[in-house]
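Please find one structure pasted underneath; my questions will follow.
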């Protein structure tokens, strides 16, 4: 179903749509925080979970980051470029979060399982297991943040486990809420296609939003972490996605120029959310990779403001 423009305007006015034009998180040091890796069991499979925190004592603000379809957590969420503060993990930590980032099966330092394939249900179950592990370790229910394909995984995980997290943040949501995925056949053996530098640089589409040095570093770190493309099958499992079944508080973040996340389809998703604790943030000037661009500070501020707003 498609809403007419006048109806969409009413929806935009009626719902909370926040445009943030704020300065970034302050920091007394330009040094990156220490990064540690945990190997956490999920149904017999070792999952690489990256962690940064500022203090010895666990924060009351815990967050788990889920990467997208092609690249793993460290290029996406902990990119280190001299003279630039692009690490989302570091920038969230400066705002008081303990930050976790999960490599899904076949990404980064999490190996593929024996099948060679990931799928939506398997990935959502892995996320649920990791969230429970973090909750048990810290005594705090975390916020779950998903970017692009990771936003779909985050949604599926919280749909299947309504009491799992404090809140969910979906950024760069790449699927129309009314899209039906048609069954297709997949080979028995996963293709394991090589990743390319062209694909690594493809999300940076807004001129002047990121330095060439940062793009070059992202390409290099991405190809080092993920030499081959992870393989997914059983994609019809995504047809379970249903905004009406998300019971958690939800923050929806969209880059103004994101070609994968249109305002019209996002509006149809947003109005279906049953929990009134919801916000929709548009990052002016941002695209699908807004977390690494000039919009990066407004993105983490939006996350922090939402989490603190829930506690008011």
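The values are calculated or read from the model by the stated rules, or taken from the named source; none is laboratory data. As the structure is a prediction and not an experimental result, all values here were calculated from the model. Because the Cβ atoms are built from the backbone with ideal geometry, glycine has one as well, and the counts that use them run over all protein chains shown.
Given (1) within 30 Å of residue 271 (Cα to Cα); (2) in a loop (DSSP other than H, G, I, E, B); (3) touching a helix residue (DSSP H, G or I) at 6+ places or on another chain (Cβ under 8 Å), where does residue 163 come up short, assuming only one miss?
Looking at each condition in turn, residue 163 falls short on (3).
Moving on. Counting only residues that are without any contact (Cβ under 8 Å) to a residue 24 or more places away in the chain, farther than 27 Å from residue 284 by Cβ and either under 20 Å from the mean Cα position of the chain (by Cα) or not in a helix (DSSP H, G or I) (or both), how many does the range 197-223 have?
Number satisfying all stated conditions: 0.
Is the range 173-187 home to any residue that is crowded, with 19+ Cβ neighbours inside 10 Å, assigned to a loop (DSSP other than H, G, I, E, B) and over 19 Å from the mean Cα position of the chain (by Cα)?
no
Out of the residues in the range 124-150 that are farther than 24 Å from residue 278 by Cβ and in contact with a helix residue (DSSP H, G or I) (Cβ under 9 Å, 6 or more places away or on another chain), which is surrounded by the most Cβ atoms within 10 Å (Cβ to Cβ)?
So the residue we want is 126.
Any chance you could count how many residues in the range 149-169 are within 18 Å of residue 237 (Cβ to Cβ) and within 10 Å of the chain's Cα centre (by Cα)?
6
Take the conditions in contact with a helix residue (DSSP H, G or I) (Cβ under 7 Å, 6 or more places away or on another chain), farther than 18 Å from residue 145 by Cβ and either without any contact (Cβ under 8 Å) to a residue 40 or more places away in the chain or buried (at least 19 other Cβ atoms within 10 Å of the Cβ) (or both) and apply them to residue 170. Does it pass?
no
Residues of the range 231-250 being under 20 Å from residue 71 (Cα atoms) and in contact with a strand residue (DSSP E or B) (Cβ under 6 Å, 6 or more places away or on another chain), which ones?
232, the sole residue that qualifies.
OK, next. Being buried (at least 23 other Cβ atoms within 10 Å of the Cβ) and farther than 21 Å from residue 241 by Cα is the filter here, so list the residues in the range 109-123 that pass it.
Of everything in the range 109-123, just one residue is buried (at least 23 other Cβ atoms within 10 Å of the Cβ) and farther than 21 Å from residue 241 by Cα, namely 110.
Of all residues in the range 251-296, count the ones that are part of a loop (DSSP other than H, G, I, E, B) and either crowded, with 23+ Cβ neighbours inside 10 Å or modelled with pLDDT of 95 or more (or both).
Number of matching residues: 22.
Assuming residue 153 fulfils every condition listed in (1) within 24 Å of residue 254 (Cα to Cα); (2) surrounded by fewer than 23 Cβ atoms within 10 Å (Cβ to Cβ) apart from one, which condition is it?
Of everything listed in (1) within 24 Å of residue 254 (Cα to Cα); (2) surrounded by fewer than 23 Cβ atoms within 10 Å (Cβ to Cβ), residue 153 misses just condition (2).
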